[in-house]
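Derivation of every value follows stated rules applied to the coordinates shown; laboratory data play no part. Because the structure is a prediction, the values reported are computed rather than measured. Glycine also receives a Cβ, built like all others from the backbone with ideal geometry; neighbour counts cover every protein chain displayed.
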Amino acid sequence: MSIAYLNGEWGAITDAKVSVLDRGFLFGDGIYEVIPVYAGKLFTLERHLIRLANSLSEVDMDNPMSDTQWTALLTEAVERSGENNAALYVQVTRGADTLRNHVYPDALVPTVFVMVNAAPILERNSVAPYSLITLDDFRWSMGQIKTVSLIAASMLKNKAIAAGANDAVLIRAGKVTECTASNIFVVVDGVLVTPPKSAHLLHGITRDLIVELALEHKISFQEREITVEELSGASEIFITSSTHEAWPVSHLNETPVGNGEPGVIWHHIDDLFQNFKKQV
Ligand SMILES: Cc1ncc(COP(=O)(O)O)c(C=O)c1O
């Protein structure tokens with residue numbers, strides 16, 4: 001059952017309402033996290049709480065809760081939803097002012113919103129590979145902040161959909177950054193490569209886990225910039241996010257990637273990731 005928490009109240013998502021003077025509504029002045037829930041447990045919660053705290057600090061907002069309080073609230077949200085496999089969304093905005101003003105007011109009460117929605121687990125052999133197109137990355141240069149200001153990402157995603165693709169891989173100054181809501185890995189000359197962390201991409205938690213698994217299992221791996229030419233010639237491409245895990249890409253700009261099927265390295269990484277999930 002979908003469930004929502006808003007500033008201390010629990011209820012149906014459609015009943016949750018915020019003020020039109022909320023700075024999240026007026027300025028996109030807020031941050032968020034999406035945390036996967038598997039078998040009723042919040043997956044890699046500690047990592048998400050660290051990124052939540054980092055995002056808040058980057059936008060000069062106090063963290064409204066301690067990690068212990070967040071853990072209790074988010075665990076309660078999952079329990080109340082009754083869902084086993086779900087996506088938990090948590091958003092914090094700077095709160096509702098008494099007028100529209102760019103200047104941060106003193107002592108606003110932040111708006112805290114949590115929702116849990118069912119997210120059935122996909123059988124791995126029913127994962128349908130994505131088709132991507134390349135688009136110019138015109139988003140801002142603070143991509144490490146997980147902000148709710150997502151108009152640029154939405155524009156790019158919709159451009160990709162209108163072109164008949166599933167998503168866009170974004171290019172800044174001739175280098176690959178990420179996709180509109182996921183990180184990217186490519187296989188070049190047998191080596192798994194992902195762009196280094198920077199202010200041009202979100203420091204994805206799934207990305208970090210996959211880097212750690214690749215290193216632990218001695219998969220040939222490099223963290224370095226990827227040129228458009230390398231992307232076009234890659235034998236495999238896959239994307240990563242909390243909702244997609246590792247997801248294969250079959251086409252880039254309407255051209256098959258490798259033989260157009262999920263590749264051996266994706267299969268290997270996906271197996272490692274599924275095993276890691278079971279362990280934790
Ligand atoms: C722009 C962007 N990059 C990457 C990711 C993947 O991050 P994570 O693996 O932490 O979900 C997301 C997730 O929403 C995203 O929005």
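Here is how the numbers come out for the structure above:
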item: Contacts under 7 angstrom Cβ, first residue in region 105-133 being closer than 24 Å to TYR5 by Cα and touching a residue at least 60 places away in the same chain (Cβ under 8 Å), partner of a type in the set (Val, Ile, Thr) and not in a strand (DSSP E or B), 6 or more apart; result: THR111/VAL18; MET115/ILE13; VAL116/VAL78; ALA119/THR243
item: Residue, nearest to the ligand (Cβ to nearest atom), within region 189-205, restricted to residues that are in contact with a strand residue (DSSP E or B) (Cβ under 6 Å, 6 or more places away or on another chain) and touching a residue at least 60 places away in the same chain (Cβ under 8 Å); result: HIS200
item: Some residue of region 254-272 being away from the ligand (no atom under 15 Å from the Cβ) and closer than 24 Å to GLY40 by Cα; result: yes
item: Residue in region 6-14 that is in a helix (DSSP H, G or I) and more than 22 Å from the chain's Cα centre (by Cα) present; result: yes
item: Candidates LEU52, LEU99, LEU88, filtered to the one that is assigned to a loop (DSSP other than H, G, I, E, B) and either buried (at least 19 other Cβ atoms within 10 Å of the Cβ) or touching a residue at least 60 places away in the same chain (Cβ under 8 Å) (or both); result: LEU99
item: Looking only at region 220-253, and only at residues there that are of a type in the set (Val, Ile, Thr) and either surrounded by fewer than 16 Cβ atoms within 10 Å (Cβ to Cβ) or within 13 Å of the chain's Cα centre (by Cα) (or both), the one that is nearest to ASN85 (Cα to Cα); result: THR243
item: Condition check for ALA173: without any contact (Cβ under 8 Å) to a residue 40 or more places away in the chain and either crowded, with 17+ Cβ neighbours inside 10 Å or under 17 Å from the mean Cα position of the chain (by Cα) (or both); result: no
item: Given (1) free of Cβ contacts under 8 Å to residues at least 24 places away in the same chain; (2) surrounded by 21 or more Cβ atoms within 10 Å (Cβ to Cβ), index of the condition ILE210 fails; result: (1)
